[in-house]
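What follows is a short report on a single structure.
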Amino acid sequence: MEQRISAGRLAIRDLRVVAGGVALAIIVLLVGGAFAGLAVEGIRDFENALAAFDSYLARIVWFTLWQAILSTAFSVIPAIAVARALSRHRAFRGRGLILKLFALPLALPAIVATLGILALLGRAGLLAGPLSSLLGGTWPGIYGLSGILVAHVFFNLPLATRLLLEALDTVPQDQWRLASQLGMGPGSTFRLIEWPAIRSALPGAAGLVFMLCVTSFTVVLTLGGGPAATTLEVAIYQSLRFDFDPTRAVTLTVLQIGLTVAVMIVLGLLGARTALDGSLSVAPRKFLAIGPVESAVNSVVILIALALVAGPIAAVLVSGLKADLARLVLDPAVHAATTTSVVLAVLSSSLSVAMALSLVAARRAVSARRGWLARSFGWIAGTGAGFVLVVPPIVIGAGWFIMLRHTGLVFAAAPVMVVMVNAAMAMPFAIRAIRPAYEAAGERNDRLCAQLGISGWNRARLIDWPALRLALATGLAFSMALSLGDLGVIALFGSDSVQTLPFLLLARIGSYRTDDAAGLALLLGLLCLTLIFLADRLGTRGTP
Amino acid sequence: MRRTLLPLLSIAFAVSTLPASAQDKLTIYTYDSFVAEWGPGPQVEKAFEAECNCDVEFVAVADGAALLNRVKLEGANTRADIVLGLDTNLTAEAKASGLFVPADIDHGSVNVPGGWKDDVFVPYDYAHFAIVYDSEVLPNPPRSLQQLVDGNPEEKIVLQDPRTSTPGLGMLLWIKAVYGEKAPEIWAKLKNRVLTVTPGWSEAYGLFTKGEAPMVLSYMTSPAYHMVADDTERYKAVAFQEGNYLQIEVAGVTTTGAKNPLSARFLTFMTGPGFQDIIPETNWMLPAGATDKPLNAAFGKLPEATKTILFPADEVAANRKAWIDEWLTAMSR
Amino acid sequence: MTESPSAGTPVRLDEVRFSYERTSLRFDVSFQPGAITAVMGASGSGKSTLLNLVAGFEVPESGRVLIGQEDVTNLSPADRPVSMMFQENNLFAHLDVERNVGLGRSPSLRLTNDDRKMVADALARTGLSGKERRLPRELSGGERQRVALARVLVRNRPVLLLDEPFGSLGPALRADMLDLLRDVQSERAMTVLLVTHQPEDARRVASHIVFLEEGSVVASDLTDNFFADGGPEAFRHYIGEKITDSARKRT
């Protein structure tokens, strides 16, 4: 009893817990407010909502989970090999560029990425000829489950690779030295050193990829070949769009969250966290003896991954170069949209990283505490908050619209909503990027800081910032990419003052200006690379 | 970080809440491509402002379906005087909301195929849905729905999903109107020819122009864009023997707009040459009202529908869900 | 209990109970004020936990931790009059020697001229003059522990806890460090708890020994008595076994 009281008092005094609480409150408010709004509008027809649970729903639930599980497996398992190869070869030319390129798919609107993938693997794609003669007959394209998987791997393999690489980078240098000292071959190095680090990050990375695939919409419909390939997200969208049935939308959203939670719990059980042993890193370089065979294998792995990512991006580049770029660059509408996109991306990614850091810190702050309260708070801060990703933006947009419609704040709220929603949606990515480094730094520094009374701002400034800025930059890069590519809730709020680049891009396709759209996709990609480059600079500046 | 965030946020706030003069102002809700700078919006705004000596404000929402939702959500408090961009499949639901008032103008100059008329909603443009094909790949396109269904399954078509897009819904209604009870069998057969079903028009048309499929569901007027802007007659539309389903875009005055004298004035303007001359080469649809300028020659090269097919709005509203379920069952088999 | 308590700060665990995983520990012990006490015992007997309880890294389930006359059971580690040195990770890897020591004066590293003088003196006292700008990775293992000891000096707390701090150093270096520790301790009259596996360490610097077995104190006496013929049986057993006990204690 006495111990619980003292733990509670410590919790209140601990700034990290307070910050985490604030971040959680923002998310709860964002999602809860939306649900409340929809409930106000629509809780009158539950029978109808329950009627939604028919064989059609059972079928799309099955398909949603099946494609998401397969996509996750095909993205994350190869990502282990790619991350390991990149971690073992740290100095080759172009490595930095590859890593920056790996954040790019997230920033491409689904339609752009899909057309890019089809430019390679479609019926009229670059590889259609070779594939036709290879397989005999006409290459049928990749429509169906295979197409969905290829596109999801394009989006998620690079993401998973970067997240796992982040985890591998937290392995203390002493362990690498030990490994080489003991003459460990690649096999035992992987089993004894790399795998434990990867395993600690695997449930998080896989969970994130899984959630992205569950909510996949454009890719699934466009490449799925027909309505047999339909996800729950489509049904939610449909229920708000043509039917305007808020009860059904909320019911389906809750179902989507519930299913995701269930799968994530299974994932969590598969990969129990292993404690990270963080000791003082002694040497800045690794002592690795990499044989020629392994070198060759790693090169092939990296090249395949690069081809997969760079192929569609190159297609985007090529078709973008055909556009009248000079005119686009001088177009005031493009200027306005670019400015809006950059401002929104910077705001929402900063907010996103701040929230992610707060949650990661709060989780660590309570991780040593006992009692169900601390444990559940830790779980919510660590994993639970991530489920915001499976709440469809259209649900948040519609719900908040209803909440605000009578207040006259609707127009003023549009930019705020966009920033908040993008920040919340990008936050799970930032968490995955920051957590391994934060935990490792915590293992190393927590006792010492407690002993010396270094806390709060002092700790952030003197201890955490130097240890975390690389990871924070990664988190920032991902959130920026995601915010840049997001179409978000703007559509429903309908405000002329918030026209983003992806929005402009889609509108140009909508008026047949496909060349303009291709050019804008190229500009969007370049903008994303620039921001990621800047974020990386922020993360490495002044590092000894 | 807080230092940079707050000022920027407050700028965003300030910009979006800049007070506009309440006097002599007309607020129009429409879909986004209408107000894009290459769309009709900017020219329409300029022309009407010159005529009425007032301020026109466009508020853009994604598309017709979202537009109706938006107005329904705002209810009687809506700021919109006029909602522009619903199509005839949505008018029954729009009227049922009680948020629109009869248009008190002379409908005389309005002329759309099939003679569609409504006391509340006024058409401003129209086009038939049509199969658009790439003549370089497909020299012998289907000339009828039946030929489309029976044709070589290797010659693919890209369709849109009726659950998420208006052209997709149009195709569903088209087949339903022509085949009635037999629609599920037709879909089951057509399925073999469908390359994929996209969530919206943009994805489908993108796949088509990238050469993924030689046919796409679009508008009879689509080839006009390629003739005018790309100077090519490569892409062509077909008028089917059974007729083509019609999409009419309409505008209506809200209960808020009923108090604004500018509303009726705008509707009258909308059906006249000042508005109608702008439409063809910005919205790539056919004008529903009187024009001064002759249509671009490209429009003359387009085929004309042999027959116009259009369900009454209330019939669509009553049956949409059942028909979509029917389509899902046939296509998922 | 032969020396006068007025020379230093008493440390006492009063009926402290604590458990982790499936082990439960129970400590009821007083440490000699102003002296070095070696805390010994087999791996897993609870030596580190005992230190963590005194330092405040662990909170007892019941019982009290008393330092001086004060009940510090619910105080955070930084608020206790205690400094602690670990076997590893005593330094922040990205901060140089001077700043690592300076943190002992001010957790915000805002140092007054007096503070700087104190840091310089402590570095001189520990033989680190001229190495102020070095990063930890540029130091040897012994030097790193000297930096940690310098920080203990500038913090100037009456109680010092050491958890096998010199375990990874060679015999000569370890002897040097122990002598330095003894000198520093007697200058400041600190109460020192030193966890060690090496009986010769205890003999060299500790006036007292507390011996643990399976989570409780089984013997507590003057070092000389421990090594005399009539020393505690468990301790003799431990020393005898020690040679084959090559496993390092969990830190």
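The values are calculated or read from the model by the stated rules, or taken from the named source; none is laboratory data. Everything numeric in this text was worked out from a predicted model, so none of it was measured. Cβ sites come from the backbone with ideal geometry, for glycine too, and all protein chains shown count toward neighbours. Just the protein is used for accessible areas: all its heavy atoms, side chains included, with ligands, DNA and RNA removed. Shrake-Rupley method; radii C 1.70, N 1.55, O 1.52, S 1.80 Å.
For this structure, a couple of remarks:
- Ranking by accessible area, most exposed first, for A:S483, C:S216, A:S367 with a 1.4 Å probe: A:S367, C:S216, A:S483
- Relative contact order of the stretch A:52-322, taken over Cα pairs closer than 8 Å and 6 or more residues apart, is 33 percent.
- Rounded to the nearest whole angstrom, the semi-axes of the ellipsoid equivalent to chain A, taken from the Cα gyration tensor as √(5λ), stand at 35, 31, 23, largest first.
- Per-residue average of Cβ from other chains inside 10 Å of A:227-234: 4
- With only Cα atoms counted, chain C has Rg and Dmax values of 17.9, 54 Å.
- Using alpha-carbon coordinates, inclination of helix B:166-179 to the longest axis of chain B, degrees: 40
- Neighbouring Cβ atoms from other chains, within 10 Å of the Cβ of residues in B:29-38, number 5 on average.
- The stretch C:50-77 and the stretch A:238-263 have Cα centres lying 52 Å from one another.
- Partners of B:K95 within straight-line reach, counting lysines whose Cα lies under 22 Å from its Cα and excluding those fewer than 8 residues away in the same chain: B:K72, B:K117, B:K259, B:K321.
- Expected 222 nm ellipticity per residue - DSSP helices of 4 or more, -39500 (n - 2.57), all of chain B, to 500: -11500 deg cm²/dmol
- Cross-link reach list, lysines versus C:K117, counting only Cα pairs under 16 Å and skipping chain neighbours closer than eight places: C:K131
- Restricting the stretch B:23-130 to trypsin sites (Lys or Arg not before Pro) that sit in a DSSP loop and have at most 14 other Cβ atoms within 10 Å of their own Cβ leaves B:K117.
- The stretch B:230-257 versus the stretch A:81-116: alpha-carbon centroid distance in Å: 43
- Helix axis angle, B:64-74 relative to chain B longest principal axis, alpha carbon, degrees: 40
- Pairwise Cα separations in the stretch A:52-322 fall into 10 Å bins from 0 onward with the following percentages, short to long: 6, 25, 30, 23, 13, 4, 0.
- Cα-based Kirkwood hydrodynamic radius, the stretch B:92-156, one decimal, Å: 15.9
- Rounded to the nearest 10 degrees, the inclination of helix B:261-270 to the longest alpha-carbon principal axis of chain B is 30 degrees.
- Area projected by the alpha carbon convex hull of chain B, averaged over all directions, nm²: 19.5
- Candidates B:S263, B:S202, B:S165: whichever shows maximal mean-square fluctuation once chain B is modelled as a Gaussian network with Cα springs under 10 Å: B:S202
- Whole-Hz ³J(HN,Hα) from phi, Karplus 6.51 cos²θ - 1.76 cosθ + 1.60, for the stretch B:240-255, glycine and proline x: 7, 4, 6, x, 10, 6, 9, 10, 10, 9, 10, 10, x, 9, 7, 4
- Proximity of backbone amide H atoms, modeled 1.01 Å from N, is registered between B:F58 and B:I28 at under 5 Å, excluding neighbours fewer than 5 places apart on the same chain.
- Membrane-span-like helices in chain A, defined here as complete DSSP H runs extending at least 20 Å along the helix axis by their C-alpha atoms with mean Kyte-Doolittle hydropathy no lower than 0.5, are A:15-42, A:55-88, A:145-168, A:195-214, A:246-270, A:292-321, A:332-367, A:410-452, A:465-485, A:514-540; this is a sequence and geometry rule, not a statement about a membrane.
- Chain A, relative contact order [Cα under 8 Å, separation at least 6], %: 25
- Sequence-ordered 3J(HN,Hα) estimates for the stretch C:31-38 from the Karplus curve with 6.51, -1.76 and 1.60 and θ = phi - 60° stand at 10, 4, x, x, 9, 9, 10, 8 Hz, glycine and proline given as x.
- Partner lysines for B:K210 [C-alpha distance under 18 Å; skip if fewer than 8 residues away on the same chain]: A:K322, B:K156, B:K236
- Sequence ranges A:381-393, A:65-77, A:300-312, ranked by mean other-Cβ count within 10 angstrom, highest first: A:381-393, A:65-77, A:300-312
- Highest-MSF residue in chain B out of B:N319, B:N283, B:N260 [GNM, Cα springs under 10 Å]: B:N319
- Karplus-derived 3J(HN,Hα), 6.51/-1.76/1.60, for each residue of the stretch C:8-17, Hz, glycine and proline x: x, 8, x, 10, 9, 9, 9, 6, 7, 10
- Estimated purely from DSSP H runs of n ≥ 4, each contributing -39500 (n - 2.57), the mean residue ellipticity at 222 nm for chain A is -25000 deg cm²/dmol once divided by its residues.
- Heavy-atom accessible area ranking, 1.4 Å probe, most first, across A:W379, A:W195, B:W38, A:W457: A:W457, A:W379, A:W195, B:W38
- Amide H contacts of C:T9 (H built 1.01 Å from N, under 5 Å, at least 5 apart or other chain): C:G34, C:T191
- Under the span-like rule (Cα at least 20 Å along the axis, Kyte-Doolittle mean at least -1.0), DSSP H helices of chain C: C:141-155, C:171-188
- Exercise: per-residue mean of other protein chain Cβ atoms within 10 Å, B:192-204: 6
- The packing ranking of peptides B:232-245, C:144-157, highest mean first, is C:144-157, B:232-245, where packing means the average number of other beta carbon atoms within 10 angstrom of each residue.
- Total formal charge among the other residues, if their Cβ is under 12 angstrom from that of C:L109, Lys/Arg +1 and Asp/Glu -1: +3
- Residues with amide H under 5 Å from that of A:D245, placed H, sequence gap 5 or more: A:L240
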